[in-house]
Amino acid sequence: MIYDIRHVTTYSYEAQVSFARCSLRLVPLSGDGQELISHSVEIRPRPAERTARRDFFGTLTDSVLIETAHRNLRIDSRSRVSVARQAPARDAASAPWEKVRDTALEATSLGPSSPVGYVFASALVPLLRPLTDYAAASFPQRGGILAGAADLMRRIRADFRYDPKATVISTPLREVFEKRHGVCQDFAHVMIAGLRGLGLPAAYVSGYLRTIPSPGQPRLQGADATHAWVSVWCGDDLGWIGFDPTNDLMVANDHIILAIGRDFADVSPVDGVIVGASKQKLNVAVDVLPVE
């Protein structure tokens, strides 16, 4: 499947901004079942400086400096990506989760794909006993890692309510778990915390999800979404497998990866600092269009 993706981020400021420095992580990943064909980004006002680098996780990050005074900042990212990814069956044979846990801790590499780097707490994902206990119900003794992760994903979808007004990115994970309301970022963090509490490697994935309109309904412009899900290391044989707890979906060809990290703090599509405005309004519009 080939997709054309347009991701437009607009900041509107209450007062004029004299300076902005931003980090952009808007270039889709090549690898893990997908290939980047083309990418461009237009920034208004035009940056005074722009430099690109790859971070530890392999994400191409643009550092942008804007010195022109402005009331609006518009970042228009366009990509074409080919995706060919087959998800395993939820009940497919897999290694016992205890073996996966032990093997991860024996890893000799500290590279970005090494499972040991995704076992411990991170900035937005503390290890919490109630969350560990919640996850443990999906992992009976000697149970397969794949079936356990799929069951945990299913339970989060059933037990938590999607509510974009319930949380912000700074809402503590303990509060998200207690209230059981939130958005895709929260559900990914909940699943990651539960898995890591059991010693299982789990990474945070940001990207896009293609949405399909109901039969007979037109596709709405900007109806697709930036999204978040979880990648779980399922042992040497299966490697990293994607799980989408917001939708109870195994990750396949409708998911397009932007970046992978330990939690949202590692992969935010746009972040930075500004000088000169007390309030701001953010608007994000995403289109994910299959190329016929």
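The values are calculated or read from the model by the stated rules, or taken from the named source; none is laboratory data. What you see is a predicted model; the values in this text were computed from it and never measured. A quick note on method: Cβ atoms are made from the backbone with ideal geometry, for glycine too, and the neighbour counts reach across all protein chains shown. These area figures cover heavy atoms from the full protein model, side chains too; ligands, DNA and RNA do not enter into them. Shrake-Rupley method; radii C 1.70, N 1.55, O 1.52, S 1.80 Å.
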Self-check item: Residue among Pro96, Pro126, Pro88 that is under 26 Å from Ala252 (Cα atoms) and touching a residue at least 60 places away in the same chain (Cβ under 8 Å)
Solution: Pro88
Practice problem: Only residues that are within 18 Å of the chain's Cα centre (by Cα), over 17 Å from Trp229 (Cα atoms) and open to solvent by less than 10 Å² (accessible area, probe 1.4 Å): list them for region 115-169, please. | Solution: none
Quiz item: Residue check, Ala137 against (1) out of contact with any helix residue (DSSP H, G or I) (no Cβ under 9 Å at 6 or more places or on another chain); (2) free of Cβ contacts under 8 Å to residues at least 24 places away in the same chain, all met but one. Which one?
Solution: (1)
Exercise. Would you mind stating whether Val27 is at pLDDT 95 or above, part of a strand (DSSP E or B) and either of a type in the set (Val, Ile, Thr) or under 30 Å from Trp240 (Cα atoms) (or both)?
Key: no
Exercise. Answer yes or no: is there a residue in region 197-212 that is modelled with pLDDT under 90, out of contact with any His (no Cβ under 9 Å at 6 or more places or on another chain) and not in a strand (DSSP E or B).
Key: yes
Practice problem: Give just the number: which of (1) in a loop (DSSP other than H, G, I, E, B); (2) in contact with an Asp or Glu (Cβ under 7 Å, 6 or more places away or on another chain); (3) within 19 Å of Thr171 (Cα to Cα) does Ser278 not satisfy? | Solution: (3)
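In region 79-97, is there at least one residue being part of a strand (DSSP E or B) and either on the phi > 0 side of the Ramachandran plot or aliphatic (A, V, I, L, M) (or both)?
So in region 79-97, the residues part of a strand (DSSP E or B) come out as 79-83, 96.
Cutting the leftovers down to either on the phi > 0 side of the Ramachandran plot or aliphatic (A, V, I, L, M) (or both) gives us 81, 83.
The answer is yes; a qualifying residue exists.
Take Arg142 and decide whether it is farther than 25 Å from Asp266 by Cα, part of a loop (DSSP other than H, G, I, E, B) and either in contact with a Gly (Cβ under 8 Å, 6 or more places away or on another chain) or not β-branched (Val, Ile, Thr) (or both). Show your work before the answer.
Working: farther than 25 Å from Asp266 by Cα: yes; part of a loop (DSSP other than H, G, I, E, B): yes; either in contact with a Gly (Cβ under 8 Å, 6 or more places away or on another chain) or not β-branched (Val, Ile, Thr) (or both): yes.
Taking the combined requirement at face value, the residue satisfies it.
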